[in-house]
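A short write-up of the structure that comes next.
The values are calculated or read from the model by the stated rules, or taken from the named source; none is laboratory data. Because the structure is a prediction, the values reported are computed rather than measured. Heads up, the Cβs are rebuilt from the backbone with ideal geometry, glycines too, and the neighbour counts pull from every protein chain shown. For accessibility, only protein heavy atoms count, side chains too; no ligands or nucleic acids. Shrake-Rupley method; radii C 1.70, N 1.55, O 1.52, S 1.80 Å.
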Amino acid sequence: MPEVLAPASPLSNRLLAMTESATIAMAKKARELAAQGVDVISLSFGEPDFQTPQYIKDAAKKAVDDGFTFYTPVPGTLELRQAICAKLKKENDLDYLPTNIVVSTGAKQALANAILSLVNPGDEVIIYSPYWVSYEEMVKLAEGVPVPLVGSLENDYKATAAQLEAAITPRTKLIMYSSPCNPTGSVFSQEELGEMAAVLARHPQVYALADEIYEYINFVGEHYSLARFPEVKDQVITVNGFSKGYAMTGWRLGYLAARADIASACDKLQGQITSGTCSIAQKAGTAALLGGHSSADEMVTAYHRRRDLVLDIAKDIPGLVTPTPSGAFYVFPDVSAFFGRTTAEGQVIKDSADLALYLLSDAHVAAVSGEAFGAPQCMRFSTAAADDKLVEAFQRIKKSLAKL
């Protein structure tokens, strides 16, 4: 009889080229272990442990009671886009009109909209590394070519303007970075962004995607936006949202600000995929912006304290090299000193993925391998957890690492 061949996968090549989000995968493993009755402390997810402020929830309830339950314009309600413009002017010294703003179902969708609107197959996208796990996968989805630009630990993981200049080729279309950075907590200063802007001004065909979702969680002073440099404003797409600063992760609300033709392209793309995001969430977002960010300031005080709690323990763990984050709510130590060591069960720790699994099984602490962030020698720990949980988690980590 002729050999029967197994059918090829029906999935598209673009999907097969993508990998699962490492943060989501580790959170899943932690939940599975917790479901078995294990006391797992999860430091894998980038989610504030605070409740959404009450005034924002009240605005959402009022929207429901008022019957604000119909489709909205694809780029968002005019009311919310006007509030975003006012925020950008007051806090970032950026002049935009509502036609420059596209509101999306989370900042993640805003990033994807911009990439899919700009990147053609074969275009190179320079990604400042370490980077958030989804950047590279979004570029692959657009059939672009990710080009990591690796910052050194000595420079707080920040790549320099000279590195950027050297990385740009005739095929470069876009650069991507976050500040404050997920996963490192690094913050680009005004001077460093000015140097970046000078490079971009020499290459007007190159655009910049600036992820500012952690804007309010900054421990070192004023947040500065790349788009504030007038010579490159039209090359910059600024992405922000409500999930981190307003503890609104489940509301799925983000936005981008860009020159009109790019914003229009993102509007067109979104109109064929999701259309306008949740009407209730948009009312909540409008209330959030009109209410200022005093609630965010309170959270930042807690995040700053938690960072210092963690660093105080981490500095006494031999082999863990932990730079001091300037923002966000993560620590991102170099853990390569533990590679090649052997567990009590005889397993060799080959890389940070092995170390993450070891800490999950031995210390019952969930963290994420740095490989997914473009830094295989590192590991990311979220500090968005209660003080006592963080102290307990890092005491457990200290004991487990001492066994290796």
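Here are the numbers:
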quantity: Per-residue ³J(HN,Hα) for segment 131-139, Karplus 6.51 cos²θ - 1.76 cosθ + 1.60, θ = phi - 60°, Hz, x for Gly and Pro; calculated: 9, 5, 4, 7, 4, 4, 5, 5, 5
quantity: Relative contact order (percent, whole number), the chain, Cα cutoff 8 Å, 6+ residue spacing; calculated: 22 percent
quantity: Amide H within-cut-off set for residue 383, under 5 Å, with H built and near neighbours excluded; calculated: 330, 331
quantity: Lys/Arg +1, Asp/Glu -1 at C-beta; segment 1-93 dipole; positive extreme among 24, 8, 70; calculated: 70
quantity: At 0.692 mPa s and 37 °C, Stokes D of segment 94-248 from Kirkwood alpha-carbon radius, µm² per second; calculated: 210 µm²/s
quantity: With eigenvalues of the C-alpha gyration tensor scaled by 5 and rooted, segment 202-245, Å; calculated: 23, 12, 7
quantity: Two-decimal Rg to Rh for segment 164-219 - Kirkwood Rh, Cα set; calculated: 1.00
quantity: The chain: antiparallel DSSP beta bridges as a percent of all, rounded to 5; calculated: 45 percent
quantity: Segment 241-246 - phi-based ³J(HN,Hα) in whole Hz, Karplus 6.51/-1.76/1.60, Gly and Pro as x; calculated: x, 10, 5, 8, x, 10
quantity: Helical mean residue ellipticity (222 nm; -39500 (n - 2.57) per DSSP H run of 4+; nearest 500) of the chain; calculated: -12000 deg cm²/dmol
quantity: Percent carbon-and-sulfur accessible area, segment 321-404, ignoring ligands, DNA and RNA, probe 1.4 Å; calculated: 52 percent
quantity: All-pairs alpha carbon distance profile, segment 267-326, 10 Å steps from 0, percent; calculated: 17, 24, 20, 22, 16, 1
quantity: Between 0 and 90°, nearest 10: helix 54-65 axis offset from the chain longest Cα axis; calculated: 60 degrees
quantity: Cα-based Rg of segment 1-123 normalised by 2.2 N^0.38 Å, two decimals; calculated: 1.62
quantity: FRET efficiency, 1/(1 + (r/R0)^6) with R0 22 Å, evaluated for residue 260 and residue 205 via beta carbons; calculated: 0.75
quantity: Cross-link pairs 108/389; 158/403; 28/87; 28/173; 57/233; 29/108 - those with Cα-Cα distance over 30 Å; calculated: 158/403; 28/87; 28/173; 57/233
quantity: Projected area, mean over directions - segment 126-196, Cα convex hull, nm²; calculated: 4.6 nm²
quantity: Solvent-accessible area of residue 157 with every protein chain in place, 1.4 Å probe, in Å² to the nearest 10; calculated: 20 Å²
quantity: Candidates 124, 222, 47, ranked by Gaussian network fluctuation over the chain, Cα under 10 Å, top entry; calculated: 222
quantity: Kirkwood-based Rg to Rh ratio, the chain, C-alpha trace; calculated: 0.98
quantity: Other-chain or far-sequence residues with amide H under 5 Å of residue 42's (modelled H); calculated: 366
quantity: Relative contact order of segment 40-134, defined on C-alpha pairs under 8 angstrom at six or more residues apart (%); calculated: 18 percent
quantity: Residues with amide H under 5 Å from that of residue 321, placed H, sequence gap 5 or more; calculated: 334
quantity: Accessible area (Å², per residue) of the chain, counting only protein heavy atoms and a probe of 1.4 Å; calculated: 43 Å²
quantity: Computed Rg/Rh of segment 313-404, alpha carbon atoms with Kirkwood Rh; calculated: 0.93
quantity: Derived scalar couplings ³J(HN,Hα) [segment 214-219; Karplus, 6.51 cos²θ - 1.76 cosθ + 1.60; whole Hz; x for Gly, Pro]; calculated: 9, 3, 6, 9, 9, 9
quantity: Whole-number percent relative contact order across segment 306-404, with pairs defined as alpha carbons under 8 Å at least 6 apart; calculated: 30 percent
